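Structure first, commentary second.
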Amino acid sequence: MDPGPTGLNSQTCSISPVWASLCSSPCREVRRTVQDAPEETGDYSELGELPPRSPLEPVCEDGPVGPAPEERKRTSRELRELWQKAILQQILLLRMEKENQKLQASENDLLNKRLKLDYEEITPCLKEVTTVWEKMLSTPGRSKIKFDMEKMHSAVGQGVPRHHRGEIWKFLAEQYRLRHPFPSKQQPKDTPYKELLKRLTSQQHAILIDLGRTFPTHPYFSAQLGAGQLSLYNILKAYSLLDQEVGYCQGLSFVAGILLLHMGEEEAFHMLKFLMFEMGLRKQYRPDMIILQIQMYQLSRLLHDYHKDLYNHLEEHEIGPSLYAAPWFLTVFASQFPLGFVARVFDMIFLQGSEVMFKVALSLLGSHKPLILQHENLETIVEFIKNTLPNLGLVQMDKTISQVFEMDISKQLQAYEVEYHVLQEELIDSSPLSDNQRMDKLEKTNSSLRKQNLDLLEQLQVANNRIQSLEATVEKLLASESRLQQAALALELERAALLQVVEGFRKQTTAEPSGPEPDHAQPGPTGD
């Protein structure tokens, strides 16, 4: 067999045990340090062979001439230094790997954020308006400060920056809580979100079915059991466990989905809880759906008041609001309208409350009245309202949003709700029903009225709290006014006294006679 590069037989070569143990280390720095060690100097020409270039290369136990020279063993100090360097290099590699993982996670977050906000704005937000929002958001202790409502109305009307929208919704929720304290008796259980995720829900099947139907064309939700669908499932599961009465209802997935597009998963859950309990959206999702029926009646009456010709046209073809407006209310317009438009509707809901849905529906129907009146049968009218109306362009959508800010229908909504209950009572009294049927209806009506009474008591309690708060504020202002008046009176007295002193000084200066001027020309005394 031919000798190796060093002129030695490779079959008879072996590696020193010390260096073999070093070579087994996962750190490449040890190998590199050892391989780069300086070559040993010496004249071996007489032996006809060269020493190994590195201690890591094979060393022959017996060469053709004689035994190879023994390699120099490293001291324990040198080996310790090598191991220290290896450990430091390994720590550095682990740190770099962690930083790479953080960078990858950050890149994934940015990608998800771009995917979430992949929609076209209805009302572009100018730089000046964005600056106003950023100033309000960065105010120290903002959760305890009541901002001017006119300023907030103006800012929302001029637009909300898409990349700040989630934070602005949280800010508007804080402002709503400061002005409308929620009764503690009606607060849901304050169960931590992560604790809810550990539990099982009986609504799991219904939630899983609706995941694929929620924004199926949006890139964040389109992937089956992707990041978007998993986060949406977690939110809906947690809410179904928190609110046992409502559980899960079709339409909730769209509301939670809109929130999830603009904020993190847990933040979206807390905002959903705020909308449902404090803004009152949960009433329309109750199993009896009585509130939804009342809402449809209220919308019909508003349509009669504001657009009577359109109301008559729809009544002529027996088209009630429940045929087209029920999905609008249950999904807050998210199932059929462009995301940019829906985001603007949510902007206004966080600012003004759930009555915004009535304003939007009324404005949409009124602004498209000429086109609706052109259709002459039930199928084409419903088809137009459901499918054509939501896609009529950004300009028309922006016009609708502008009209909503100018409307005030709160008193009419209250009157129509009372009117609905009166009509229901009259229907019960006039219908020829058996005693059992009458009892059942009376019980349902009684239950509905009890719930309505509880709602009114909540509103009354909130109003009383507000009155007490205002009275306390008035008392503080009156006390402050009294103190200011006393301070002003004291200042007036002090001013009068000072004026008297000044006047006295003036009289003294005028009354004093002017003496002879000193003779500066006379020489002073001279000494002898």
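At-a-glance table
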{"item": "Criterion: in a helix (DSSP H, G or I), open to solvent by 60 Å² or more (accessible area, probe 1.4 Å) and at negative phi - qualifying residue of Val501, Val462, Val404", "result": "Val501"}
{"item": "Residue tally, condition surrounded by fewer than 17 Cβ atoms within 10 Å (Cβ to Cβ) and closer than 17 Å to Glu383 by Cα, over segment 301-318", "result": "4"}
{"item": "Residue among Ile385, Ile319, Ile349 that alone is modelled with pLDDT of 90 or more and not in a helix (DSSP H, G or I)", "result": "Ile319"}
{"item": "Subset of segment 479-488 [of a type in the set (A, V, I, L, M) and open to solvent by 100 Å² or more (accessible area, probe 1.4 Å)]", "result": "Leu484"}
{"item": "Failed item, numbered, when Phe333 is tested on (1) on the phi > 0 side of the Ramachandran plot; (2) among the hydrophobic types (A, V, I, L, M, F, W, C); (3) surrounded by fewer than 18 Cβ atoms within 10 Å (Cβ to Cβ)", "result": "(3)"}
{"item": "Which listed residue, of Leu491, Leu423, is open to solvent by 80 Å² or more (accessible area, probe 1.4 Å) and over 30 Å from Leu371 (Cβ atoms)", "result": "Leu491"}
{"item": "Helices (runs of 4 or more DSSP H) (entirely within segment 52-163) containing at least 2 residues that are modelled with pLDDT of 85 or more, exposed (fewer than 14 other Cβ atoms within 10 Å of the Cβ) and under 28 Å from the mean Cα position of the chain (by Cα)", "result": "127-137, 149-158"}
{"item": "Among (1) in contact (Cβ under 8 Å) with a residue 12 or more places away in the chain; (2) farther than 27 Å from Glu167 by Cβ - the single one His304 does not satisfy", "result": "(1)"}
{"item": "Any hit, segment 425-443, residues being of a type outside the set (S, T, N, Q) and modelled with pLDDT of 80 or more", "result": "yes"}
{"item": "Members of segment 211-256 that are within 18 Å of Gln336 (Cβ to Cβ) and not small (Gly, Ala, Ser)", "result": "Arg213, Thr214, Phe215, Pro216, Thr217, His218, Phe221, Cys249, Gln250, Leu252, Phe254, Val255"}
{"item": "Hits in segment 343-381 (condition: open to solvent by 10 Å² or more (accessible area, probe 1.4 Å), farther than 16 Å from Val255 by Cα, under 28 Å from the mean Cα position of the chain (by Cα) and of a type in the set (S, T, N, Q))", "result": "Gln352"}
{"item": "Single unsatisfied condition, Phe333 versus (1) closer than 21 Å to Val160 by Cα; (2) not in a loop (DSSP other than H, G, I, E, B)", "result": "(2)"}
{"item": "Filter result (among the hydrophobic types (A, V, I, L, M, F, W, C) and either closer than 20 Å to Leu330 by Cβ or open to solvent by less than 40 Å² (accessible area, probe 1.4 Å) (or both)) within segment 219-249", "result": "Phe221, Leu232, Ile235, Leu236, Ala238, Leu241, Leu242, Val246, Cys249"}
{"item": "Matching residues in segment 203-218 - criterion: being open to solvent by 50 Å² or more (accessible area, probe 1.4 Å) and either under 21 Å from His262 (Cβ atoms) or at pLDDT below 90 (or both)", "result": "Arg213, Pro216, Thr217"}
{"item": "Breaking point among (1) part of a helix (DSSP H, G or I); (2) modelled with pLDDT under 95; (3) closer than 26 Å to Leu236 by Cα, for Lys189", "result": "(1)"}
{"item": "Any pair with Cβ under 6 angstrom, 6 or more apart, that starts in segment 442-459 at a residue that is touching a residue at least 60 places away in the same chain (Cβ under 8 Å) and ends at one that is open to solvent by less than 90 Å² (accessible area, probe 1.4 Å) and among the β-branched types (Val, Ile, Thr)", "result": "Ser448/Ile290"}
{"item": "Scan of segment 186-202 for residues that are touching a Leu at 6+ places or on another chain (Cβ under 6 Å) and open to solvent by less than 100 Å² (accessible area, probe 1.4 Å), ordered by number", "result": "Pro188, Leu196, Thr201"}
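Residue-wise test of (1) modelled with pLDDT of 95 or more; (2) among the charged types (D, E, K, R); (3) crowded, with 19+ Cβ neighbours inside 10 Å.
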{"site": "Gly251", "(1), (2), (3)": "no, no, yes"}
{"site": "Ala256", "(1), (2), (3)": "yes, no, yes"}
{"site": "Leu259", "(1), (2), (3)": "yes, no, yes"}
{"site": "Gly264", "(1), (2), (3)": "no, no, no"}
{"site": "Met271", "(1), (2), (3)": "yes, no, yes"}
{"site": "Phe277", "(1), (2), (3)": "no, no, no"}
{"site": "Arg282", "(1), (2), (3)": "no, yes, yes"}
{"site": "Asp288", "(1), (2), (3)": "no, yes, no"}
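The values are calculated or read from the model by the stated rules, or taken from the named source; none is laboratory data. All figures in this text were calculated on a predicted structure; none of them were measured in a lab. Cβ coordinates were reconstructed from backbone atoms using ideal geometry, including for glycine residues, and neighbour counts include every protein chain displayed. SASA here: full protein model, heavy atoms, side chains in, ligands and nucleic acids out. Shrake-Rupley method; radii C 1.70, N 1.55, O 1.52, S 1.80 Å.
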